[in-house]
1. Being more than 16 Å from ligand 2 (Cβ to nearest atom), of a type in the set (Gly, Ala, Ser), surrounded by fewer than 21 Cβ atoms within 10 Å (Cβ to Cβ) and closer than 25 Å to residue A:476 by Cα is true for just one of A:375, A:390. Which residue is that?
2. Being within 16 Å of ligand 1 (Cβ to nearest atom), more than 14 Å from every other protein chain (Cβ to nearest Cβ) and either over 24 Å from the mean Cα position of the chain (by Cα) or at negative phi (or both) narrows it down to one residue among A:241, A:311, A:291, A:267; which is it?
3. Sort through A:423, A:428 and tell me the only one that's under 23 Å from residue B:331 (Cα atoms) and touching a Pro at 6+ places or on another chain (Cβ under 9 Å).
4. Can you pull out every residue in region A:442-484 that is in a helix (DSSP H, G or I), of a type in the set (A, V, I, L, M) and modelled with pLDDT of 85 or more?
5. Which of the residues spanning region A:188-229 are of a type in the set (S, T, N, Q), within 16 Å of ligand 1 (Cβ to nearest atom) and either crowded, with 23+ Cβ neighbours inside 10 Å or modelled with pLDDT under 95 (or both)?
6. Could you go through region A:401-409 and let me know if any residue there is crowded, with 22+ Cβ neighbours inside 10 Å, at the interface with chain B (Cβ under 10 Å from one of its Cβ atoms), under 30 Å from residue A:285 (Cβ atoms) and aliphatic (A, V, I, L, M).
7. Please go through (1) closer than 24 Å to residue B:448 by Cβ; (2) of a type outside the set (Asp, Glu); (3) within 15 Å of ligand 2 (Cβ to nearest atom) for residue B:143 and return the number of the only condition it doesn't satisfy.
8. Scan region B:240-295 for residues that are surrounded by fewer than 16 Cβ atoms within 10 Å (Cβ to Cβ) and in a loop (DSSP other than H, G, I, E, B) and jot them down.
There are 2 protein chains.
Amino acid sequence: MRFNFWLITNILGLLLVINGVFMLLCLPFSIYYREDIWHLATAGAISIVAGGLTWLGTRNEQNKELKKKDGYLIVTLGWLCMSCFGSLPYILSGTIPDFTNAFFETISGYTTTGASVLTDIESAPKGILFWRSLTQWIGGMGIIVLAVAILPILGIGGMQLFVAEAPGISPDKMKPRIKEVAKRLWFIYLGLTLIETVLLMFGGMTFYDAINHALTTMATGGFSTKNASVAYYDSAYIQYVIIIFMFLAGTNFTITYFGLKGKFKKVWANEEFRNYLIIVLLLSISISFFVFSSTWEGFEKSFRDSLFQVVSIITTTGFVTADYTKWAPFLTIVFFLLMFLGASTGSTAGGIKVVRHTLLFKNSFLEMRRQLHPSAVIPVRLNGAAVSRSITYNVLAFVMIYMLVYAIGVFLLSFTGVEFDTALGAVATSLGNIGPGLGEVGPVDNFNSITPFGKWILSFLMLLGRLELFTVLMLFNMNFWQKY
Amino acid sequence: MRFNFWLITNILGLLLVINGVFMLLCLPFSIYYREDIWHLATAGAISIVAGGLTWLGTRNEQNKELKKKDGYLIVTLGWLCMSCFGSLPYILSGTIPDFTNAFFETISGYTTTGASVLTDIESAPKGILFWRSLTQWIGGMGIIVLAVAILPILGIGGMQLFVAEAPGISPDKMKPRIKEVAKRLWFIYLGLTLIETVLLMFGGMTFYDAINHALTTMATGGFSTKNASVAYYDSAYIQYVIIIFMFLAGTNFTITYFGLKGKFKKVWANEEFRNYLIIVLLLSISISFFVFSSTWEGFEKSFRDSLFQVVSIITTTGFVTADYTKWAPFLTIVFFLLMFLGASTGSTAGGIKVVRHTLLFKNSFLEMRRQLHPSAVIPVRLNGAAVSRSITYNVLAFVMIYMLVYAIGVFLLSFTGVEFDTALGAVATSLGNIGPGLGEVGPVDNFNSITPFGKWILSFLMLLGRLELFTVLMLFNMNFWQKY
Ligand SMILES: [K+]
Ligand SMILES: [K+]
C-alpha cells in the first residue's frame, strides 16, 4: 500500500477526541455565566464519539510507522477535519447558523488567523467565545509541532534549517522526535499562557477576559472578546503586557527555551531573532514619530499605539488598539507591506518569516557577486554557517509560490466585486494568518461583507499560508499520488 | 587599471554625438510647422560638440578591448548621460522648464516608459513632441542591443538562456557580437516602424502623427501626440494596426526574424512566444465579455477595447483607448497584476517577462517533486532542453529582487503622501516601464501631481527596470569596485 490510510484515519480519530474534550472544557464558563450548555455538550459529544469510534476501529494500525508522504496528508486533513467539527458549537448554538460563515470562523481560528464574521462579538455566549479563543490556542499547539518537528522532516521551505538543534534522526521516522520536542515547547507555550493570564488580571481584566486574550495572544491568533479588540482596555499596562507576549509568541520557542535557561549568548547569536527584534524596534520608533505628529496625543501614547500595531502585524496576531488605515495614507502602505514580513520560524506566527527574508536579502547581494565571478561557488551564510544551495533554492521557490498564490488569490477575490484595497488587504491578511486587512476588512471592520465564494477562497488561503504552502499544494501534485 | 575608463568615456562621447544628430532630425518638423528652430538646434549642437570633443580626446583608446565590468558601467552611464542631454530641448524651449520634470520626461522616454508630466500635450511644439517620440525609439534601439547582445554576456537574470542562437563567442569580448546581431535586428526594428507609419497613414493619420505613433509603438514606449492617446482616433482600423504592431514590438525580434524568413516551426517551438500569444488571447477574450456586459457598446468595440488595453499593458507600451480603472473594480486589479507580467525577452518590452514567469511556474511544480525525492536531480526544461541550475537560481533571484525593489519603491513613494492605489500603481508602472498606472496616475491622468522627490524615485525605478535591475544595482555593490 502506498499510504498508511488506516493509520492516518486513526490519528485523525484521536485528534477529534482531543477536540471534543477541549469543547467540554468550555462548559464551566457556560455554567458560570448561566448559559445554555447543551450546544457545547452536544458538539463535544459528537466529536468524541465520532473520533473515538474511528480511533477504536483502526487501533490495530497504531504500531505501523508513518512515512514522509503520510505527513502531508495528516497535516492537511487534520486541520480540515478539526475545522469541520470545530464549527459545530457555532452552528448548534445559532451564534453563526450558516455553515460557510461558521467554517470560515473556525478555520480562521485553527489557522490562528483571527479574521471574523461576527458583527457583535460581545452579544455571543461566553462559552462559545471561549471555544473561539480555544480554537486558536489549539491551532497554535499544532503549529509548534508542525514547525519544529514535522516540516523540517518534510523539507519544506528550508524549515530544516531553522531548527536550532541538530535533527539526528532519520527523515522517514518522525514519531519519536515529535513527542520529545513537542512536549518541551508545549510546556513553554502553556506556561506563558498562564503567566499572561495572571498578569492581565493584575491589570484589572476579569479571569474570563484575561484567559481568552492570553490564549489568543500566545497563538498569535488575535480573536478578542470585545468588539473594539484590545482598544477596549484603555490601560497602558494591559497593552504593554500584550505587546510583550505577542513578541514572545512571535519568537522561535526554541530561542525562548534557551532564554529561559539563561543562554543569552545563544539567543543573540540567532540571526533571525536579532533581525526580528531590530525590525520591530526600528519600525515602531520611526512610525511613532509620524503618529505623534499627526495625532498629538502625547508621545507615550503615540509610541505605544505604534509599537502595538507594528508588533501585532509583524507577529501576525492582529489585535487592534488603533486604526492604522486612518493615520496617514503612507502608513496604510507600510502596514500593507508589513503583512508580508511574518515573525520567526518555530513560533506560532504565520507569513513568510524573517529568516526567509534574511536569506533572500543576503542571496540577492551574493547573486551580483556570482555574476562577476561566474565560476566561483558563493554560498549564503546564516548564523555563521554556509546554507546549502538546495535549501536556498527551496526558500526562493517558497517565496515565489507565496507571491504567485497571493496574485491568484487577489485575482479570484476580485471577482466578488470588492474594491482594490480590500482585495489586496484581505488576501495578504488571510495568506499571512494575520486577521485585519485594509478597506472593507480593515482593523475596525470584519469579514461579514465578503461573499460566500470569497469566504471559501480566503479560508483556503488561510490553510495554505498556515501549512507553509507546500504541505497543501503537494496534494494537488500528480506525482504525490503516484506509486513509487 | 581596473576599468577602461577612457574607453568608456569615448563610447559615451559617441553616444552623445548620435544623440545630437537625432535632435537635428527633428528640425524639419519645426520648420514645416513654422516653429522656433533654435531650441532644438542649440540642444543638438551642444550634444554634438560636447560628445565630439570627448570622443576626439579619447580616440586613442578605441583599440582597447571592453571587459565584462566595463559593460555594466557603459550601460548605466550611457542611459543617464543621454537623459541629461536629452532633456535640453524641453528646458531650452520652455516646454518643461523645470529640470526635475524635464529629466523625468526624458528618462521616461529613453527607458520607453512613457509616463509623462505634460498636462496639455497638444499645445507643445511639434518639433519637441517629435523629439519626445524619438527618445523612446532611440531607447528601443538601445534595449535591443542590451537584451540580445550585452545582458546575455553579463549573465543577467538568465538572459543568456533566451537568445535563440548559440552565443559562440567568449564572454569577455563583446564587441564583434554586438555589431553583427544588432545590425540585423535594428533593420527589422526600422522596417517595422516604416511599415506601421505607412499603414497608419492609410487610416487617415497625418504623416507627422503616423510616424510619431509608429516610433513609440515599436519602442513599446507609448508617448502619443494627443492628450487622449490613441482614444483620439475613433477608428477601428488604426487601433487594430497599433494592436498588431504593439504585439510585434513585444515579440522577441529574433523570433520575428525567423517569422519573416518563413521558419514558422521555429517560431512555434519557442515556449515564450507561445505562452505570450496564449496569455494575450485568453485574457482579451475573457475580459471582453466583462467589458461588454458592463458597457453594452457592441461586442466588436468591447473586444477591441479589451484587446487593446491587454496588449498595451502586457507589452508595456501604455497606449490608452479606454480607462480600465473605470470598467469594474476587479478589472483594475487584473490590470494591476498584468503590470508584473511583461512580454518577451529580446523585444523592446520591459517588466519581468513571460519566459521568467514560465520558468518559475514550472520550477514551483518541480520543487514539490524535489521534496518527495530529495536526492533526485530534477531540472526545469525550457524549449525542450534542461535549464542549468545556476540560471534558474539567477532567474529566481531576479524576480525576488524585482519584488524587493517594488516594495522599497512603494515604501519610499508613500512618503510623498500619495494614496494607496496611486503608490502601488505608479511604482509598478515605472519599474515595468509601462506608463499608465492607477489612481492619480491612471490611464487618463499624468505624473504631474507627483512631488519632485517622488519623480526622482520613479525615474530611478524606470532606469532600474529598463536595465534588468542587476546592471544598475551592481554599481552599488562594493565587490564591483574591488580590484581583482
Ligand atoms: K492572527
Ligand atoms: K511604455
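The values are calculated or read from the model by the stated rules, or taken from the named source; none is laboratory data. Everything numeric here is computed off the predicted structure, so don't read it as measured data. Cβ sites come from the backbone with ideal geometry, for glycine too, and all protein chains shown count toward neighbours.
1. Details: A:375 fails: closer than 25 Å to residue A:476 by Cα.
The conditions single out A:390.
2. Details: A:241 fails: within 16 Å of ligand 1 (Cβ to nearest atom); A:291 fails: within 16 Å of ligand 1 (Cβ to nearest atom); A:267 fails: within 16 Å of ligand 1 (Cβ to nearest atom).
Among A:241, A:311, A:291, A:267, only A:311 is within 16 Å of ligand 1 (Cβ to nearest atom), more than 14 Å from every other protein chain (Cβ to nearest Cβ) and either over 24 Å from the mean Cα position of the chain (by Cα) or at negative phi (or both).
3. Criteria check complete, one pass: A:423.
4. Passing the criteria: A:457, A:458, A:461, A:462, A:463, A:464.
5. Hits for region A:188-229 are A:212, A:216, A:217, A:220, A:224, A:225, A:229.
6. No, region A:401-409 contains no residue that is crowded, with 22+ Cβ neighbours inside 10 Å, at the interface with chain B (Cβ under 10 Å from one of its Cβ atoms), under 30 Å from residue A:285 (Cβ atoms) and aliphatic (A, V, I, L, M).
7. It fails just one condition, (1).
8. Passing the criteria: B:261, B:262, B:263, B:269.
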